[in-house]
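Colleague: Have a look at this one before I ask anything.
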Amino acid sequence: MKVLVVNAGSSSLKYQLFDTETSDMLAKGICERIGLDGCIEHRLGEDGEKHKKDIPMPNHSVATEIVVKYLTDPVLGCIKDMSEIEAVGHRIVHGGPYFFESALITDEVIEKLRLCVDFAPLHTPAHLMGIEGCIAVMPDTPQCVVFDTAFHQTMPNYAYTYPIPYEMTTEAHIRRYGAHGTSHRFVSAEMAKILEANRGIKKEDSKIITCHIGNGSSITAVKGGKCIDTSMGFTPLEGVEMGTRCGSIDPAIVTYVMKREGFTPDEMSEWMNKKCGFLGVSGISSDSRDIEAAILKGDKRAWLTAHILAYQVKKYIGAYTAAMNGLDAIVFTAGMGEHNPELRERACTGMEYFGIEIDKAINAKTHHQPNIVKLSTDASKVDVYVLPTNEELVIANDTEEIVNNLKK
């Protein structure tokens, strides 16, 4: 089945076309500056030549029309006509308390999605625009939604419940939801296959910690193939230090800073989400590449920035090992997880008590490549891997399954 995977932002629309029979990505691209002057960047497969063109895109419907035009282009495309797109899968950041698994888009689903706006105000309205744009262009094509929060719905209540008045949990739906679930789901499943093939550990017995580290970062404990805890919480602000997000801090800091700086609630949220993390500590950049370059020049604040994150990752590994009563594997994925060997070495050094040992030479040369790489030594009791994530393939496969079930 050919499935178009869409990830819509407020002024962008990322897309990938998959053949789910082979798991091949046939084409990918992004429409940017939607609502302004508009631009598309398109290419065939992973290694195809990029084609970029400025095209007016007043809304997401027009952007979708342009995507279909490129996919069906005799030279730049990979399908003959739009009818070859058998389904569309949409990435959704937050399902709130309403969605616990992927779903076929219906009027009822769209209405429930509107109720999720408060849980992800920067993302959900954009997702809705993307859905509406695709429906307008492909009204007869089945469309599905796949939620980043869904994988984390298996957490026990003592892991997702905050110690606040219980009515706020039941009535205001304040709880740990997590994020990056589609990524954690993919890499943990792939790691489980490796454990069974190499060590005879079955998926239902496996204990894996997945570290999705990028501009936004989250760490998840996966026991028996199911999430039992994750670092992000009610919003993606909780957890470890990130590019511009502070991660978990003493809640009293919030009221203290608001009084000191005279911030409104919205200004305080902006400060925690956009002014902290790598950017706030280093004063240089939110990009880890800039931080690592500054460390080589002797910048002490850059050194501190990088070591805060590594220390926090190490603490989560220790905590989740305790929560699962053991550990079989650690997976590093996403932008920094896959491409920053310094982070991985810092996080895994000094973990002898847990039997964690990585090959520093292999780790140092593992970056900017698409392969699964084992970093741990043969003496290590815990396997450590770099495993490139593929959230879009998960979305395509879920969409295919839902659509095929319609035919039964």
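The values are calculated or read from the model by the stated rules, or taken from the named source; none is laboratory data. Everything numeric in this text was worked out from a predicted model, so none of it was measured. Cβ atoms come from the backbone with ideal geometry, glycine included; neighbour counts cover every protein chain shown.
Colleague: Could you pull out the residue among T366, T399, T333, T305 that is modelled with pLDDT of 95 or more, more than 24 Å from A150 (Cβ to Cβ) and either buried (at least 20 other Cβ atoms within 10 Å of the Cβ) or in contact with a Lys or Arg (Cβ under 8 Å, 6 or more places away or on another chain) (or both)?
Modeller: Criteria check complete, one pass: T305.
Colleague: Turning to a different aspect of this structure: How many residues are surrounded by fewer than 22 Cβ atoms within 10 Å (Cβ to Cβ) and either acidic (D, E) or on the phi > 0 side of the Ramachandran plot (or both) when one looks only at segment 378-396?
Modeller: Result for segment 378-396: 2.
Colleague: Working carefully through the options V146, V75, V117, V109, find the one that is in contact with a Leu (Cβ under 9 Å, 6 or more places away or on another chain) and either assigned by TED's automatic domain parsing to the domain that holds S218 or aliphatic (A, V, I, L, M) (or both).
Modeller: Checking each option against the conditions leaves just V117.
Colleague: For segment 1-87, give me every one of the strands (runs of 3 or more DSSP E) that falls completely inside it and has 2 or more residues that are under 25 Å from F147 (Cβ atoms), in contact with an Asp or Glu (Cβ under 8 Å, 6 or more places away or on another chain) and without any contact (Cβ under 8 Å) to a residue 40 or more places away in the chain.
Modeller: In segment 1-87, 24-32 are the strands (runs of 3 or more DSSP E) which contain 2 or more residues that are under 25 Å from F147 (Cβ atoms), in contact with an Asp or Glu (Cβ under 8 Å, 6 or more places away or on another chain) and without any contact (Cβ under 8 Å) to a residue 40 or more places away in the chain.
Colleague: Confirm whether V75 is at pLDDT below 95, among the hydrophobic types (A, V, I, L, M, F, W, C) and crowded, with 19+ Cβ neighbours inside 10 Å.
Modeller: The answer is no for V75.
Colleague: Return the total of residues in segment 94-113 being touching a residue at least 40 places away in the same chain (Cβ under 8 Å) and under 22 Å from R176 (Cα atoms).
Modeller: Residues that pass the stated criteria total 9.
Colleague: Quick check on segment 346-362. Is at least one of its residues within 30 Å of E204 (Cα to Cα), modelled with pLDDT under 95 and touching a His at 6+ places or on another chain (Cβ under 6 Å)?
Modeller: No, segment 346-362 has no match at all.
Colleague: Listed residues G133, G96; which is over 17 Å from the mean Cα position of the chain (by Cα) and of a type in the set (G, A, S)?
Modeller: Being over 17 Å from the mean Cα position of the chain (by Cα) and of a type in the set (G, A, S) holds for just one of G133, G96, which is G133.
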